[in-house]
Amino acid sequence: MDSFVTNLQVVPLNHYILLSVIVFCIGVIGVLIRRNAIVVFMSIELMLNAVNLLLTAFSVHHGDASGQVFVFFVMALAAAEVAVGLAIIVMIYRNTHSTDIDILNKLKW
Amino acid sequence: MSAFLGAFILIINMSIFYLVAFLSIVFSLLVIFSKNPVHSVLYLIITFFTFTVHYILLNAQFLAIVNFIVYMGAIMVLFLFVIMLLNLNRDTEPMHSLVIKIIGIIAGGCLALTLIGALKATLSYKVPVVVTKSDLGLVKNLGKVLFNEFLLPFELSSVLLLSAMVGAILLAKKESNAIN
């Protein structure tokens, strides 16, 4: 059983980096091209998840548990961020009757 | 016989990684390109599920369970509730103009290109990810690290979650005595 677990993973580390980079950049593109604030939030979640996967892969690679503890903190932070952010979106919707982020240009010079 | 079995498991596992990685990319593309926000949320759930499979492949069992419960449970319910509350279940969402979309895709592609180029410059990471410590991602080991080295950040994150909860309730509450 022990040797089974030891030999479980043989994927090169740079393939994990590549996957994380691609998913992160998809999140960046989502933030740039969408106008719906909720979809922008989902893109931010995608970016956070890409970082989480990379931290876990490096943590397993180095045999150090600190990386996985950091993933735990990132998840707690993401939960707080989503709760506050969605409350802000609800408040914006109550004032402007839309979740379009292009309406919120009052601070633009 | 056992060596043959080991090689077989190895090949199966590698192909699982590449299949799941492909699915992650496809569904995260669908998240940002689908017109309906409800469809985006549903594709996001599938993306998070593929990430859970990645954690299981890395033998990070605690993170797999937490990802499953927190992301696929709590956060997705929040998103779906807000979309339901705001009645955004329609396809007539205002979209950016095509020029801004193309510029955004080019900008994201440039970022990807830069990061991949930086990765190509470091040739030392061709080594495979081998699970050297089989109990690394288990609750027992992670709990020991969390409550010894990271006790203060852990307590601070509990304060953060409490203040986020209070802030969310304050923000989303209807103002009964609104300012005229």
So, A:ILE29, is that one facing chain B (nearest Cβ under 7 Å) and part of a helix (DSSP H, G or I) or not? yes
Please work out if A:TYR93 is without any contact (Cβ under 8 Å) to a residue 12 or more places away in the chain and in a helix (DSSP H, G or I). yes
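Can you tell me which residue is farthest from the other protein chains (Cβ to nearest Cβ) among those in segment A:82-109 that are of a type in the set (Gly, Ala, Ser) and under 21 Å from the mean Cα position of the chain (by Cα)?
We begin by selecting, within segment A:82-109, every residue of a type in the set (Gly, Ala, Ser); these are A:83, A:85, A:87, A:98.
Then keep just the ones that are under 21 Å from the mean Cα position of the chain (by Cα); that gives A:83, A:85, A:87.
Details: A:ALA83: 4, A:GLY85: 9, A:ALA87: 4 Å.
Only one residue fits best here, namely A:GLY85.
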Can B:PHE68 be described as more than 10 Å from chain A (Cβ to nearest Cβ), surrounded by fewer than 18 Cβ atoms within 10 Å (Cβ to Cβ) and closer than 28 Å to B:SER134 by Cβ? yes
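No lab work stands behind these numbers, since they all come straight from the coordinates. Worth saying up front: this structure is predicted, and the values here are computed from it rather than measured. A quick note on method: Cβ atoms are made from the backbone with ideal geometry, for glycine too, and the neighbour counts reach across all protein chains shown.
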